[in-house]
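Everything below concerns the one structure shown next.
We did not get these values from a lab; they are worked out from the coordinates using the rules stated. Since the structure is predicted, the reported quantities are computational estimates derived from the model, not experimental observations. Here the Cβ is made from the backbone with ideal geometry for all residues, glycine too, and neighbour counts use every protein chain on show.
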Amino acid sequence: MQTQSGVWATPVDHLNRAQPDHPVLYLSPRVLQDTAHRFQDGFAGLVTYAVKANPHPAVLDNLVAAGLRAFDVASPAEMQAVRAACRDAVLHYNNPVRSEDEIALGVSAGVRSWSVDDADELAKLGEVPRTAEVAVRFKLPVPGAAYDFGAKFGATPEDAVALLRRVVQAGFTPSLTFHPGTQCEDARAWAIYVGEAARIAGTAGVRLARLNVGGGFPVSRGFGDVALETVFDTIRSAAGDAFGPKGPALICEPGRAMVGDAFSLATRIKALRGDGTVFLNDGIYGGLTDMRDTGLTTRIRAIAPDGTVRTGDLRPRVIFGPTCDSLDRLPDGLCLPADLGAGDYVLFDGMGAYSLALNTGFNGYGLREIATVLSLSGH
């Protein structure tokens, strides 16, 4: 259970005054709402938020305040969270594998859009109103992401053709959907998928109502970054080339890129060994889980307890988390200043996605405090 501890000017202001000995997440509502507007202004279609990235009520409330009214939910619990933030929100249930009970709860919650990647999953939707949209999810072996979602979900293009025809035969509104994979840093991946979607629809002889281009939009890690606007422009251009002026309406479902930059995570150095090994008070069982899977970042600041910025030469470190498990270790090579000391704070920027969502209480550690800040930068 996370507590919220008031409003502060910056993370460093809070650290300097409160001197917390536990990890703290800092939320900037302004950054979150600005990002929501950036998607709504730049993407040529409907923007939905993938709740799985960060379901905290403050996130949902701020996105609703920024004008979002459609949400991608993956479970009944996420449906309830969205309804608490916005009673008339449009729900898209794009987790393509569901139990019969979950489907019934989705129908009760008024889900308007569903996805499937298998004929048996389509058959389960017998009680879903025929006014609903059903999008066939397909997969391709396209590189560019931190890891591939196609290993778990998605029909082959050939199977998608047959499944799309079945959606029409069942009386649903037909659409297609895909996901290029998380933290996708190659905009060409979307172009390849969009082109294949047009081929699938043409082969099936089905006119698509909409094309959901998924999530995967990246958050800056400080190197090799691709701008969101580049991805938006690539999708818009690819859809025009593939479908022409009367193509399907577009949908996207950002999670990571919507919420990532709105949070920073402050950890504290518990111990610093003579060989440079660092022990933090948070790790892969807490707010840093996602770093294990998506790779390192350079968006890091080291701050002394009095607020002084550590400016020593950067050196790669071995970094352990606080638990008694030796697997609680960040990927090797994370660079921190040479002038670190025990008790210093290490701030990780861009930490809104999958920090709270994957946080555990293992060994009694984990994220318990969220502080609201006016700015995530500054000292």
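Details
- Per residue, the convex hull spanned by the Cα atoms of the stretch 162-241 amounts to 85 cubic angstrom.
- Among the listed pairs Lys124/Lys152; Lys52/Lys139; Lys152/Lys246; Lys124/Lys246, those with a Cα-Cα distance over 30 Å are Lys152/Lys246; Lys124/Lys246.
- Sorted fewest first by neighbouring Cβ atoms within 10 angstrom, Lys52, Lys124, Lys246 come out as Lys246, Lys124, Lys52.
- Order of Arg130, Arg98 under a 10 Å beta carbon neighbour criterion, fewest first: Arg130, Arg98
- Whole-percent pair-distance distribution, where bins are 10 Å wide, for the alpha carbons of the stretch 204-269: 17, 39, 25, 13, 5, 2, 0
- Kirkwood-Stokes translational diffusion coefficient of the chain, alpha-carbon pairs, 20 °C, 1.002 mPa s, µm²/s: 99 µm²/s
- Counted over the chain, the DSSP beta bridges are approximately 40% antiparallel.
- Compactness of the stretch 293-337 as Cα Rg over 2.2 N^0.38 Å, two decimals: 1.31
- Over the chain: helical MRE at 222 nm, DSSP H runs n ≥ 4 each giving -39500 (n - 2.57), nearest 500: -8500 deg cm²/dmol
- Highest average packing first - 70-80, 292-302, Cβ atoms within 10 Å: 70-80, 292-302
- Likely footprinting exposure, Tyr193, Tyr365, fewest C-beta neighbours within 10 Å first: Tyr365, Tyr193
- Each residue of the stretch 255-266 is assigned a 3J(HN,Hα), and the resulting list reads x, 3, 6, 6, 10, x, 6, 7, 10, 10, 10, 9 Hz, derived from the Karplus form 6.51 cos²θ - 1.76 cosθ + 1.60 (θ = phi - 60°), x at Gly and Pro.
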